1. Regarding Thr235, is this residue exposed (fewer than 12 other Cβ atoms within 10 Å of the Cβ) and not assigned by TED's automatic domain parsing to the domain that holds Glu127?
2. Test each condition in (1) small (Gly, Ala, Ser); (2) under 27 Å from the mean Cα position of the chain (by Cα); (3) over 27 Å from Met118 (Cβ atoms) for Ser174 and report the one that comes out false.
3. Restricting to the range 91-110, what's the tally of residues that are closer than 18 Å to Glu264 by Cα and either touching a residue at least 60 places away in the same chain (Cβ under 8 Å) or among the aliphatic types (A, V, I, L, M) (or both)?
4. Among the candidates Ala184, Ala189, single out the residue that is surrounded by 14 or more Cβ atoms within 10 Å (Cβ to Cβ), out of contact with any Lys or Arg (no Cβ under 6 Å at 6 or more places or on another chain), farther than 17 Å from Thr121 by Cα and not assigned by TED's automatic domain parsing to the domain that holds Pro122.
5. Is the range 72-82 home to any residue that is over 30 Å from Pro175 (Cα atoms) and out of contact with any strand residue (DSSP E or B) (no Cβ under 9 Å at 6 or more places or on another chain)?
6. Based on what the data block shows, is Ala156 within 27 Å of Val132 (Cβ to Cβ), touching a helix residue (DSSP H, G or I) at 6+ places or on another chain (Cβ under 8 Å), surrounded by 11 or more Cβ atoms within 10 Å (Cβ to Cβ) and assigned by TED's automatic domain parsing to the domain that holds Pro119?
7. Look through Pro75, Pro27 and report the one residue that is in contact with a Gly (Cβ under 6 Å, 6 or more places away or on another chain) and surrounded by fewer than 18 Cβ atoms within 10 Å (Cβ to Cβ).
8. Of the residues Arg116, Arg109, which single one is touching a strand residue (DSSP E or B) at 6+ places or on another chain (Cβ under 9 Å) and of a type in the set (D, E, K, R)?
Amino acid sequence: MKIGFIGLGNMASAMIGGMLEKGVVKPEDVTGSAKTEETLASVGSRYGIRTVKDNALVARESDVLFLAVKPIVFPEVIEEIRNEVREETIVVSIAAGRDLDYLEKAFGRTGMKLIRCMPNTPALVREGCTGVCAGNRVTGEELEQVLVLLRSFGIASIVPERLMDVVVSVSGSSPAYVFLFIEAMADAAVAGGMPRKQAYEFAAQSVLGSARMVLETGLHPGQLKDMVCSPGGTTIEAVKVLEEKGLRAAVMDAMDACQKKSEEMARK
């Protein structure tokens, strides 16, 4: 199976790294294209894949073709490759705000095998979270082939397309919220006298461990929170302040704004 990437930025590099590390593809089966010679040389050297500047060549040769470019350049990229994509090729978009209907209209072809997915940056450390939806021309077997690729760098779950904007807010963009939270905790620790490097380590490990507890215990986050909050203790005092400052409402409002922005992008 020949895998193609149009765009070799951070997300594409993370995806390629996971696929190769897990052995679901071989370097000789992956071809990627990018605009700059610097990117082509860097990714080609790092992963041992073939890199080219010709988007049309990548499209022509791929069995699974990942469109890993920014949404704003989709029109020009699709114009380049429209007539090069083979009928049996599975085209996978990772762009926010570009739905399956948009892709089919942009290509100007009916019957294409289209998949839309939204990975996130923790794919760089093989802890990604990817929402996936497929067009009706994609068979169950073909969808499973793509899921194997996506699960090489984290989890990948099928969602109805109507929830893809929610996926953008809850996983696609959410690492930024978590990084902000870690930075804030570290800043407070530094204010308390802890060295900066150690503060980041303590804050990040606490978030990592807490997330693992949610995933591995299956307990409700509220139940896990209650387990930490001893009567009259330090933790419940901190939680009280977070509630007074509106942490929950701020997070929910931020995610709502993120979702609405994704929806707006889809209408452009």
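1. no
2. (3)
3. Qualifying residue count for the region: 10.
4. Ala189
5. Yes, the range 72-82 has at least one match.
6. yes
7. Just one listed residue meets the conditions, Pro27.
8. Arg116
The values are calculated or read from the model by the stated rules, or taken from the named source; none is laboratory data. What you are looking at is a predicted structure, and each value in this text was computed from that prediction instead of being measured. Note that each Cβ is placed from the backbone with ideal geometry, even for glycine, and that neighbours are counted across all protein chains shown.
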